[in-house]
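The values are calculated or read from the model by the stated rules, or taken from the named source; none is laboratory data. From a predicted model like this one, the values you see are computed outputs, not experimental measurements. Note: ideal-geometry Cβ built from the backbone for every residue, glycine included; neighbour counts use all protein chains shown.
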Amino acid sequence: MADARISQLPVGTTVASTDIVPFTSISASETRKITANNLAIRLTQLGLTVGTSAPATPTPYNGQLWVDTQTNPPILKVYNGATFTTVSFLPGSSVATSPSSTAPSSPVLGQLWLDTSQTPDELKVYDGAAFVRVDPLGITDTAAAAKYLQITTAASTYLTLAGGTLTGNLTLTGNPTTTNMASNKGYVDTQIAAIPAVTDQTPAGTVIYTARSTAPTGYVKANGAAISRSTFSVLFAAIGTQFGVGNGSTTFNVPDLRGEFIRGLSDGSAVDSGRTLGSNQVDSLASHDHEYLSNGASGNSVTGGPTAINDGQQATDTSAFGGTETRPRNVALLACIKT
């Protein structure tokens, strides 16, 4: 029906929003054209009142429109013969809302737009500066934020807010695929279960003392035994044959610390210098002497002691006393080495 004049349209003709509808100007000097969609908007503006107070003078007529700007966003209302009531744009309505993912260009105050750029679609109205959301049932933005999205399935689709906190259980489907996605409990539990068990990170060759009679897991007794070079390859790489070559091919010896005190390696110090790692020392006393005086023949001397005293006294050795070794107080623990 494009290019047909309004006066020439047959009864029941449907005008599409993109149809060009020519009409004659009042002066009859020229013919103008306008799309049906824009024509509908202009016709809507006829008798349209915008403000914070309902139209009163002249007396409103039945069907008169009023954009109530007391709220943000504004609410479109219609006079029903007694009062102005909120217009409900429910499915099936014939009101032109220009469904699109982008806002209409050159909008006018009160113009409606169904924003399809998100799900669910949102009905918006132009407030003179921008398109703002209006709820299909007239709820304001403030009320919607305080309650929940006002859609027919809200109770089963969205969780309500109580003081900024979600009430109820939020169920997540699927596992997160990006770093900013929330994770469900099942995914978290699986990731935790996949973490390797904690292992002893003590370096091979470390010596410990334990109050138990057997070596802990990951250790062997430091008893000088010959052990497999392949089975204990990490320890063999750490200490080699420093404490014994074993059989010379497939085994090596661990340190024998049974009954021994440990002394720190001089490692360049002047104290106990000349020692090599793992070397042994026998017991020893620092050089010293003892003496006592007794009556007896003069002219005799004590080995390692003073010369004879000629006043009727002489130096004499004491009798032997003590055990088989020189030692401090101690406690016996089991020495083990990390494999």
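Among the residues of the stretch 123-141, is there at least one that is touching a strand residue (DSSP E or B) at 6+ places or on another chain (Cβ under 9 Å), at pLDDT below 60 and not in a loop (DSSP other than H, G, I, E, B)?
Yes, the stretch 123-141 has at least one match.
For the stretch 208-275, which fully contained strands (runs of 3 or more DSSP E) count at least 1 residues that are closer than 30 Å to ALA286 by Cβ?
Qualifying strands (runs of 3 or more DSSP E): none found.
Looking for whichever is at pLDDT 90 or above and more than 27 Å from ASN330 (Cα to Cα) here; the options are GLY299, GLY246. Which one fits? If you could, list the steps in order and put the result at the bottom.
Values: GLY299 fails: at pLDDT 90 or above.
The conditions single out GLY246.
Could you check how many residues of the stretch 161-187 are part of a loop (DSSP other than H, G, I, E, B) and among the aliphatic types (A, V, I, L, M)? Steps first, please.
First, the residues of the stretch 161-187 that are part of a loop (DSSP other than H, G, I, E, B): 163-164, 167-184.
Within this subset, residues satisfying the condition of being among the aliphatic types (A, V, I, L, M) are 170, 172, 181-182.
Qualifying residue count, the stretch 161-187: 4.
Which residue is surrounded by the most Cβ atoms within 10 Å (Cβ to Cβ), if the candidates are limited to the stretch 252-283 and must be over 25 Å from THR339 (Cα atoms) and among the β-branched types (Val, Ile, Thr)?
VAL271
Taking the condition surrounded by 13 or more Cβ atoms within 10 Å (Cβ to Cβ), touching a Lys or Arg at 6+ places or on another chain (Cβ under 8 Å) and among the hydrophobic types (A, V, I, L, M, F, W, C), does ILE227 pass? Give the derivation first.
Numbers: surrounded by 13 or more Cβ atoms within 10 Å (Cβ to Cβ): yes; touching a Lys or Arg at 6+ places or on another chain (Cβ under 8 Å): no; among the hydrophobic types (A, V, I, L, M, F, W, C): yes.
Answer is no for this residue.
Of the residues THR241, THR173, which is touching a strand residue (DSSP E or B) at 6+ places or on another chain (Cβ under 6 Å) and more than 21 Å from LEU334 (Cα to Cα)?
Details: THR173 fails: touching a strand residue (DSSP E or B) at 6+ places or on another chain (Cβ under 6 Å).
When all the criteria are applied, what remains is THR241.
Any residue in the stretch 208-227 that is free of Cβ contacts under 8 Å to residues at least 24 places away in the same chain sitting within a Cβ distance under 9 Å of a residue that is loosely packed, with under 15 Cβ neighbours inside 10 Å and assigned to a loop (DSSP other than H, G, I, E, B)? List the pairs, counting only those 6 or more apart or interchain.
Every condition considered, the pairs that remain are THR217/ASP200.
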